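Notes follow once the structure below has been shown.
The values are calculated or read from the model by the stated rules, or taken from the named source; none is laboratory data. It should be emphasised that the depicted structure is a prediction, and the values quoted were computed from it without experimental measurement. Glycine gets a Cβ as well: all are built from the backbone with ideal geometry, and neighbour counts include every protein chain shown. Calculation scope for accessible area: heavy atoms of the full protein, side chains included, ligands and nucleic acids excluded. Shrake-Rupley method; radii C 1.70, N 1.55, O 1.52, S 1.80 Å.
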Amino acid sequence: PANSSTGLYNGEYTYTVTAVDSWGNESEKTPVTATIFTPALYPTQGSVNTPVITVEGNTIPEAMVEIFRSVVAGSESLGTISADGDGLFALEVSLTEGDNSLHAVATDPEGNVSRPSYPLKVVYDMPPATPSGLDAVVDGYDVTLSWLANAEPDLAGYNLYRNGMKIN
């Protein structure tokens, strides 16, 4: 015999089952508790310029948490970490350039699997290459700078610094 409850919200649910014979006699109740839970990922900057970030969040204490990135064919695992006694976790993950949609799934110590967390959207925008071929030509009191143009298609321009101070 089996029974399913679907579409439940986060929370603790207590179920009891009794057996009933053909005379209507009912057995003692057998209780069981089921906890529906969803890990939460803490917001991070929407756009980062580093390929590795630390994903932090919380779930139920002592759960194993797996972080996933959404890909065309579904999801790929970025790693697993154990939540501490307060349910907190932090895991360094590698990003791909562009949009990254991350989510977590937790498994409690009894083997129950959570719902996926709400997605955490992070954009990894690799910084442009360091300008090369920088040259300074002095003519009296004037300095003319020149350098090779960067090839990045999303390049917005250049910042100029003199003695550590931005001048443009």
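In terms of solvent-accessible area of protein heavy atoms at a 1.4 angstrom probe, what is the ranking of TYR9, TYR158, highest value first?
The ranking, largest first, comes out as TYR9, TYR158.
Among SER114, SER101, SER22, which one shows the highest mean-square fluctuation when the chain is modelled as a Gaussian network with alpha-carbon springs under 10 Å?
SER22
Mind computing the radius of gyration and Dmax over the alpha-carbon atoms of the stretch 34-92? Å is fine for both.
Computed over the Cα atoms of the stretch 34-92, radius of gyration and Dmax are 12.6, 42 Å.
Report the local net charge at PRO61: Lys and Arg +1, Asp and Glu -1, summed over other residues whose C-beta lies under 11 Å from its C-beta. Mind showing how you got there, number by number?
On the way: positive: none; negative: GLU62, ASP84, ASP86, ASP108.
Within the 11 Å Cβ shell, the charges total -4.
In the chain, what percent of the accessible surface is made up of carbon and sulfur (1.4 Å probe, ligands and nucleic acids excluded)?
Working: 6440 of 12000 Å².
The C+S portion of the solvent-accessible surface of the chain is 54 percent.
Could you list the chymotrypsin sites (Phe, Trp or Tyr not before Pro) in the stretch 11-48 that lie in coil according to DSSP, counting only those with at most 16 other Cβ atoms within 10 Å of their Cβ? Don't skip to the answer; put the middle values down first.
Working: sites: TYR13, TYR15, TRP23, PHE37; in loops: TRP23, PHE37.
Of the chymotrypsin sites (Phe, Trp or Tyr not before Pro), the ones in loops of the stretch 11-48 whose Cβ has at most 16 other Cβ atoms within 10 Å are TRP23.
Which of the GluC sites (Glu not before Pro) found in the stretch 78-168 are in a DSSP loop and have at most 10 neighbouring Cβ atoms, other than their own, within 10 Å?
GLU97, GLU110
Averaging sequence separations of C-alpha pairs under 8 Å and six or more residues apart, then dividing by the length of the chain, give the relative contact order as a whole percent.
18
Averaged per residue, what accessible area in Å² does the stretch 1-130 show with a 1.4 Å probe, protein chains only?
Numbers: 8520 Å² over 130 residues.
Normalised by residue count, the accessible surface of the stretch 1-130 is 66 Å².
I want the antiparallel fraction of DSSP beta bridges within the chain, as a percent rounded to 5. The partial results should precede the final answer.
On the way: 44 of 46 bridges.
Roughly 95 percent of the DSSP beta bridges within the chain come out antiparallel.
Relative contact order of the stretch 42-118: what whole-number percent is it, with Cα pairs under 8 angstrom and at least 6 residues apart? Each step should come with its number before you reach the end.
Working: 147 pairs, mean separation 25.3, N = 77.
Over the stretch 42-118, the number comes to 33 percent.
So, counting K/R as plus one and D/E as minus one, what does the shell of residues with Cβ under 15 Å around PRO51 add up to?
Numbers: positive: ARG69; negative: GLU92, GLU97, ASP99, ASP125.
Combined, the nearby Lys, Arg, Asp and Glu give -3.
Determine, at each q value in 0.09, 0.14, 0.18, 0.21 (inverse angstroms), the log₁₀ of I(q)/I(0) that the Debye formula gives when each Cα of the chain is one equal point scatterer.
These q points yield log10 I(q)/I(0) values of -0.55, -0.86, -1.11, -1.33.
Cβ under 12 Å from HIS103's Cβ, HIS103 left aside: what net charge do those residues give with Lys, Arg +1 and Asp, Glu -1? Numbers along the way, then the final one.
Working: positive: ARG69, ARG115, LYS121; negative: GLU66, GLU76.
So the environment of HIS103 carries a net charge of +1.
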